[in-house]
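Bear in mind these aren't lab numbers, they're just calculated from the coordinates by the rules spelled out. These numbers come from a predicted model, not from an experiment. Every residue, glycine as well, gets a Cβ built from its backbone with ideal geometry; the counts of neighbours run over all protein chains shown.
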Amino acid sequence: MIKNLPVQHNPNVLVGLETGDDGAVYKLKNDLAIIQTLDFFTPVVDDPYIFGQVAAANSLSDVYAMGGKPILALNILCFPNCLPTEIMEKILKGGADKVIEAGAVLIGGHSVEDNEPKYGLSVTGTVHPEQILTNKGSKPGDCLILTKPLGSGILNTAIKAEMISSEAYNQVIHVMTLLNESGLKAVENVTVNACTDITGFGLIGHAVEMAEGSEITLMINASKIPYIEETKEKAEMGLIPGGMYRNREFFEKKVKMDTGIEEAIVDIVYDPQTSGGLLLSVPENEVDKVMDRLAHNHSCEYALIGRVVPRSEKPVILER
């Protein structure tokens, strides 16, 4: 386990392992730091080009979640020798196109033979040391903004079962391939007390991390949470990824939940996301500005989903 690894201390490491943040930050000089992150996973869709785009967008997301700009990426590829190289080329093309869209440069990478395809990126970004966003620092009185709808884990399960409409398929692909750059741009020159992107731990898991790191409680309104078309229907049908059950088992003891919340909604808030949106903790007086920018420059659903209160008995409260 990572907790058993030796702990290294360096004054230039501005963000390390302590709070499980989205990336590491290392100060190069007083006005420049680099963000370093890495992510890769198995295919979530059959189309290799789209898979490459999704995996790249997911890897790039960690840099945006730290308040940075991606500048450099390296491919990480595992690929079986039984598949045609054309599939590999399409995966890499999807990733390259998304890196170019982000304004970064893709320079090589590394591949190994494996039984199942896996793809992602190691990404380097830059940020001013005084403008780093982390998943701790949220303050009572803040409002919580989610910049993408939930449901990618559930809908990816529906895709594998061939039980999804073309409309919902197109929506979930759009959400997963959309760079979080537009979400970050919405908070330029705005106070952001905490930020994280919603990925494998689901909304609740990442909210718990933010709450514990900030020593406050996040109150999330279940009725305000956006989710992709057909997500609730598929959850009610039992098309649930295994990661949802693991998330729920691990995090539910840290959540106080109002009675009467539909079971499908509970599944959605624990659903592991692929290339999910940003969860922003923003002072109330800044919210209108951020929501207005999202309305004009963001191409998917977003919502004001809750507020921050002083620490209570649980890190997260899920309200009806």
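Over the stretch 39-156, what is the mean sequence separation of C-alpha contacts under 8 Å (at least six apart), divided by residue count, expressed as relative contact order in percent? For the stretch 39-156, the relative contact order is 38 percent. Ordered by the count of other Cβ atoms within 10 Å of each Cβ, fewest first, E286, E113 give E113, E286. In the chain, helical runs assigned H by DSSP with n ≥ 4 each contribute -39500 (n - 2.57); averaged across all residues and rounded to the nearest 500, the mean residue ellipticity at 222 nm is -10500 deg cm²/dmol. In the frame of its principal axes, the stretch 142-319 has Cα extents of 44, 38, 23 Å, reported largest first. Using the average count of surrounding beta-carbon atoms within 10 Å as a protection proxy, the listed peptides 28-39, 180-191, 207-218 rank, highest first, as 207-218, 180-191, 28-39.
Semi-axis lengths, largest first, of the ellipsoid equivalent to the stretch 2-131 are 29, 17, 11 Å, with √(5λ) applied to each eigenvalue of the Cα gyration tensor. By the count of neighbouring beta-carbon atoms within 10 Å, fewest first, D197, D258, D47 end up ordered D258, D47, D197. Straight-line reach from K118: taking Cα to Cα under 20 Å and skipping same-chain neighbours fewer than 8 places apart, the lysines in range are K90, K93, K98, K160. The value of relative contact order for the stretch 142-319, using C-alpha pairs under 8 Å at least six residues apart, is 49 percent.
Quotient of the Cα radius of gyration of the chain and 2.2 N^0.38 Å, N being its number of residues: 0.96.
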